[in-house]
Every structure is written in structure tokens, then in C-alpha cells.
Amino acid sequence: MNHLLLGSGIALPGEPIDNVRLGEKFGTDPRWVERFIGTRTRHLGVDLDTGKPTHTLVDLAAEAGAAAIADAGLEPADIDLVVLATASPDHLMPASVNLVADRLVMQSVPTYQLQSGCAGAVQALALARRMLDDEHATALVIGGDSCAKHLVLDHDFPALPPSELVNYVIFGDGAGAVVLARSEEESGTRLGPVCNTFVGLGRDPGQVIRWFGAADRDSGEQPVDENYKAIEADVPTLAGEMLTELLDRTGWPAESITHLMPPQLGGRMTEHITAGLLDRFGLTAREISCVADTGNNGNALPFLQLHHTLPLAPGDRALAVAIESSKWIRTGFALEGL
């Protein structure tokens, strides 16, 4: 029995926002963003001029989910379970996955929501595959994040510390989705091993996103805090460890890998990590990256990469790596064209 990826879909809010536009709003130097962050454009679910939201996480997840279902040639009624991974749900309750199911006109379907960062999309794939059985043959798996709700647009931006200001240029909003099916078919794109490992014992978080309620909304704490020194030092090492694990579990020679989906952090760091992986493992694989054009939209990124990879041709092999720095999780998965 194979687990096949039947279709994919993505959703990005509004037109891409370039570094010049960000500079006009936030006072950032476009040349600095391009040189040190490497992100050219990003999509935000908020109007920069008015500060009003334009797209919610549910909007984006439902759009991506509907596109994936259509790409698979199916209808919402054909989906047997739904899994959503996000670090930024629209509400604490109800769970966003249930609002997405409602938007897609689904009824009597099991739903699951995982709260995690970039690792969540891979965790969702792992969960969905385990849940597929004789009664549940097809899963809709969605990853998405909406960081715009954390962006305060009337700051004195030149006075912000770099660890806070950088969040306004590196992140973006978006969602991606795939349809995963349990099938006896011997053609298509097969999902191979999916790896998910917590490696944060005793290590300080590399990223903290705080959720403020009515009682502490005026605490003055920084909403999003990034330890970029730790991320820069540790993510390449963890990526190499995950690629080693994937090659060991598949038994594939490194030279047989045709597509590599590296961790998507920022454009410049992704370039650095990819170059290191290609050199260390002797890979000649085609790199599949999108973060320089979409911004870091968290759980959407692995599915955006998948959207640019699928379908694999017979004989093609792809490895994907996603590293979460919030409390250090390394994840990855393998794909094979049948």
C-alpha cells in the first residue's frame, strides 16, 4: 500500500510587498534587507496603510485547501480527515481547522490541529499518514501562518531593537496544502519516511512568540523575539543531521537525489544552508526554495515547496528538511516518483 500525494494548493494574501515599500513604512534600508536577510518580497494579510486585516489564517488555509482538493481532482466530500498545522491560529477556540472545514462545506469528518512552527507542516504529514486506514483513505493536510496579527504598525520603528524590527521584514503570511491518499496505485508521487525529532533538551528557545490576553496585553513585552545568533549557528547543523537520517532511512545514495527542499528561514540563510548541504553530501539535486519571494510564512513553507515540486517524474527522488528553532525540532520527509 502506497501513500501518494495527489494534489497541492497554495494561498498568498495580496500583492507581494517589496523592500522599498517596507522601507517607506518601517524606515528600514532596502539594501540592508536584501544583503543580510535576502528576502526580496513577502505577502502580508494586512493593509500597511490602514493597519486593517485583509486575510485571516482561516481565509488562507481554506483557499489553499480548496485548491489542493481541486488539483487532486476531488471534491470536499471525498476527504476523510483534515489536519492543520499552525503557530498562529485565529482564535484559541474554536480551533481554526474546524472553521476551515466549515468553509469547505465538510461534515462528519475527523479534524486535528497542531500548534507548532515550521516543523508543524511535517508533523501534520506524519499524523495524517498514520491516521489513514481502511475507513479513512484520503486526508487534506494544511500548513499556514498569519503573522500580521502580531505586527503593530504605529511603532516608532527607528527606536525598535534589531531583534524586534527584523520580524517586520523577514516574515510573511500564507498557507499551503496537499491531499494525501492511501492507495494501491503504483504510479504517482509516493511519500516515504517522515521524520520528527525533538532535540531541545536543556536548550534555550531560539524563537518566542507571545500570546497576549486582556490581562497582560499592556505588559510591554516584545511580541516576537528571535535569537538569530543561535539560529544561525544551530540550524545548519540540525539540517545536516536530518539529511543524514533521511538518507539512512531511505537507503538512497546521495547522488540519486534529484530535488532538495532545504529549510526556509530567510533568503540569505537558506542560500548558506543549501550550499553547505550540497557540498557536504555531494548532492547535485535541484534546490526548491521560495522564501526569498514569499517571506517566512512558517507552516506554509514546506507545502509551498511541495507545490513547486509536484508531481515528481518516475525515478525522481526528493528530500525535504524543516527545522524549528522555537524549542529545537528537526523534521524532514522523502518523496519518490513512481
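Throughout, read-outs are computed from the coordinates displayed, never taken from laboratory work. In this text, all values refer to a predicted model and were calculated from it rather than measured experimentally. Methodologically, a virtual Cβ is constructed for each residue, glycine included, from the backbone with ideal geometry; neighbour enumeration extends over all protein chains shown.
Which net charge results for the neighbourhood of Arg330, defined as the other residues with beta-carbon distances under 9 angstrom from its beta-carbon, given Lys and Arg at +1 and Asp and Glu at -1?
Net charge in that neighbourhood comes out at -3.
Looking at the chain, send over the antiparallel percent of its DSSP beta bridges, to the nearest 5.
70 percent
By how many nm would the segment from Val199 to Gln115 grow when fully extended, if each residue of separation counts as 0.36 nm and the alpha-carbon distance is taken off?
28.5 nm
What is the chain by shape, rounded, prolate or oblate, if you read a ≥ b ≥ c off the alpha carbon gyration tensor as root eigenvalues and call it rounded for a/c under 1.5, prolate for a/b larger than b/c, and oblate otherwise?
Cα axes put the chain in the oblate bin.
If you put +1 on each Lys and Arg Cβ and -1 on each Asp and Glu Cβ, how big is the dipole of the chain around its Cα centre, in Debye rounded to 20?
500 debye
What ranking do 322-331, 24-33 get when scored by the average of other Cβ atoms within 10 Å per residue, highest first?
322-331, 24-33
Only helical DSSP H runs with n ≥ 4 go in: add -39500 (n - 2.57) per run for the chain, normalise by residue count and round the 222 nm mean residue ellipticity to 500 deg cm²/dmol.
Here the helix-only value at 222 nm equals -8500 deg cm²/dmol.
Just add up the charged neighbours of Ile69: K/R +1, D/E -1, any other residue whose Cβ is under 10 Å from the Cβ of Ile69.
Once positives and negatives cancel, what remains is -3.
Among Thr50, Thr237, Thr41, rank each residue by its count of other Cβ atoms within 10 Å, from fewest to most, as a rough exposure measure.
Ranked by crowding around the Cβ, least crowded first: Thr50, Thr237, Thr41.
In whole Hz, with x marking every Gly and Pro, tabulate ³J(HN,Hα) for the range 200-207 from phi via Karplus 6.51 cos²θ - 1.76 cosθ + 1.60, θ = phi - 60°.
Karplus values, whole Hz, x for Gly and Pro: x, 4, x, 9, 5, x, x, 8.
Between Leu338 and Leu278, what is the label-point separation in nm under the 7 Å Cα-to-beta-carbon projection?
That separation, rounded to one decimal, is 3.1 nm.
Assigning unit charges at the beta carbon (Lys, Arg +1; Asp, Glu -1) and nothing else, what dipole magnitude in debye, to the nearest 20, does the range 189-337 show about its Cα centre?
Dipole of the range 189-337, to the nearest 20 debye: 280 debye.
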